[in-house]
Amino acid sequence: EKGGYASFMLKEIAEQPKAVTDTLLGRIDGAGRLSLDEVRIPDAVLREADKVVIVACGTAFHAGLIAKYAIEHWTRIPCEVELASEFRYRDPILNRRTLVVAISQSGETMDTLMALRHAREQGAKVLAVCNTNGSTIPRESDAVLYTHAGPEVAVASTKAFLTQLVACYLLALYLGQVRGTQWGDEIHAVVRDLARIGDDVERVLETMEPVRALARSLADKDTVLFLGRHVGYPVALEGALKLKELAYMHAEGFAAGELKHGPIALIEEGLPVVVVVPSPRGRSVLHDKIVSNIQEIRARGARTIVIAEEGDEAVVPYADHLVRIPATPTLLQPLVATVPLQVFACELATARGNEVDQPRNLAKSVTVE
Ligand code: F6R
């Protein structure tokens, strides 16, 4: 069933271009308009919503963190993202105009289910973003936007994550379309780029051999740090989570701007630090700031592993290892930037002799609180 791959995880990483494309299928028309008829929340409700609250756990929570940037930028609706396990216990402020989005691959995660039950009791509308047809979370929600990743068997989430991102982008764009906000040239360009992002993911997968070799060379390290800014920050968190759960290494993701507020003290000679670099086009201020961060950590001995767009020459002098990803609009970059981090964690775990499909102490779906 592994289709010739050594693990389900490798198979599922390889399936990502198709998973992404399948999740877009039938949801963008030839004119670049979104249609999400299946969602079944009346447009009137979406027009009235004055707040979006995303609840999820683990990797799905990271998808939610990225979705916030897209939702707020494209729709101007305030968006909060919270760990489902924290949400319910702090008496959150919800009402009929709150749109709660529950993201879950399995549709059975107890913390997420409890959070959505609580939200509905308060009168909020709940939309599930889910990969499992007919599972509990979509059944108990007002509406569902399915991801079409296909069954995900490996415990560590890969293709489900990419499709959660796609579903969240579609939702954000759809909200923007329904509300008539910001629906200009920028959005049309994003929709166009989104429609062909599967090819970009494919291109990343074709260039992963150096990442695998690098991962093997780091098998005896104790710690790897990950830095990012803007949407690259949740990508850094996701890279660190994958490494913890698969390689059983100490890994942490930081917002690059926080370095000087503490984490830079961790930098020492030879410490591997993965940096996710925003596009030099678009929000170029962010790009320039992260280039200085790379300089700062390298001056203190870090071994820099830099993930940067093709054509970004500014990072070259400071990268001990350079991983190229295709140019995409800033907000879509996580779809291509996460892939090398998945491959990196999978290979490093294998080099350490770990079983990647069934990491110790973990279950695929967490049905207890
Ligand atoms: C990490 C991972 C977990 C899940 C989390 C939520 O690789 O797989 O962090 O993302 O347990 O699971 P779902 O999405 O099924 O609610």
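Spin-label model, D220 to S292: label points 7 Å out along the Cα-to-beta-carbon direction sit 3.8 nm apart. What whole number of Å gives the distance from the Cα centroid of the stretch 188-202 to the Cα centroid of the stretch 18-74? If we compute the Cα centre of each part, the gap is 16 Å. The label point for R117 and the one for V368, both projected 7 Å from the Cα toward the Cβ, are 1.7 nm apart.
Backbone amide hydrogens, once placed in the peptide plane, bring V81 within less than 5 Å of I54, excluding anything fewer than 5 places away on its chain.
Among M110, M249, a tally of other beta-carbon atoms within 10 Å of each Cβ gives an order, fewest to most, of M110, M249.
Net length available on complete extension from D320 to R47 is 93.4 nm, with 0.36 nm assigned per residue and the Cα-Cα distance removed. Checking every one of the chymotrypsin sites (Phe, Trp or Tyr not before Pro) in the stretch 1-91 against DSSP loop status and a limit of 16 other Cβ atoms within 10 Å picks out Y5. Listing D220, D288 from fewest to most neighbouring C-beta atoms within 10 Å gives D220, D288. Compared with the direct C-alpha span, the chain from R76 to D91 gains 2.9 nm at full extension, assuming 0.36 nm per residue. By other beta-carbon atoms within 10 Å, ranking R96, R298 with the fewest at the front produces R96, R298. Within a straight-line Cα-Cα reach of under 19 Å, K51 can be paired with the following lysines, leaving aside sequence neighbours fewer than 8 residues apart in one chain: K68, K125. Calculated FRET efficiency, S284 to A213, Cβ-Cβ distance, R0 = 35 Å: about 0.65 to the nearest 0.05. Taking amide H as placed 1.01 Å from N in the peptide plane, the amide H of K125 sits under 5 Å from that of T98, V100, each at least 5 places away or on another chain.
Using a Gaussian network model of the chain in which every pair of alpha carbons under 10 angstrom is joined by a spring, one finds that among L25, L322, L94 the greatest mean-square fluctuation is at L25.
Each residue of the stretch 246-256 was assigned a 3J(HN,Hα) from its phi angle through the Karplus expression (A = 6.51, B = -1.76, C = 1.60, θ = phi - 60°), giving 9, 9, 6, 10, 6, 9, 9, x, 10, 6, 4 Hz with x at Gly and Pro.
Only helices enter the 222 nm calculation for the chain: every DSSP H run of n ≥ 4 contributes -39,500 (n - 2.57), and dividing by all residues gives -13500 deg cm²/dmol, rounded to 500. Note on the chain: GNM, Cα springs under 10 Å; of D193, D37, D111, the largest mean-square fluctuation is that of D37.
Annotation: lysines with alpha-carbon distance below 26 angstrom to K221 (same-chain offsets under eight excluded): K242, K244, K260.
What is the distance in Å between the Cα centres of the stretch 334-357 and the stretch 244-264? So the two Cα centres are separated by 17 Å.
Here each label is just a point 7 Å from Cα along the line to Cβ, and for M110 and R139 those points are 1.7 nm apart. Of all the options A255, A143, A31, the one that moves most in a Gaussian network model of the chain with Cα springs shorter than 10 angstrom is A31. Listed by chain and number, the lysines placed with their C-alpha closer than 19 angstrom to that of K18 are K2, K159; residues fewer than eight positions away on the same chain are left out.
Throughout, read-outs are computed from the coordinates displayed, never taken from laboratory work. These figures come from a predicted structure and were not determined experimentally. With ideal geometry, Cβ positions are generated from the backbone for all residues, glycine too; neighbour counts draw on all protein chains shown.
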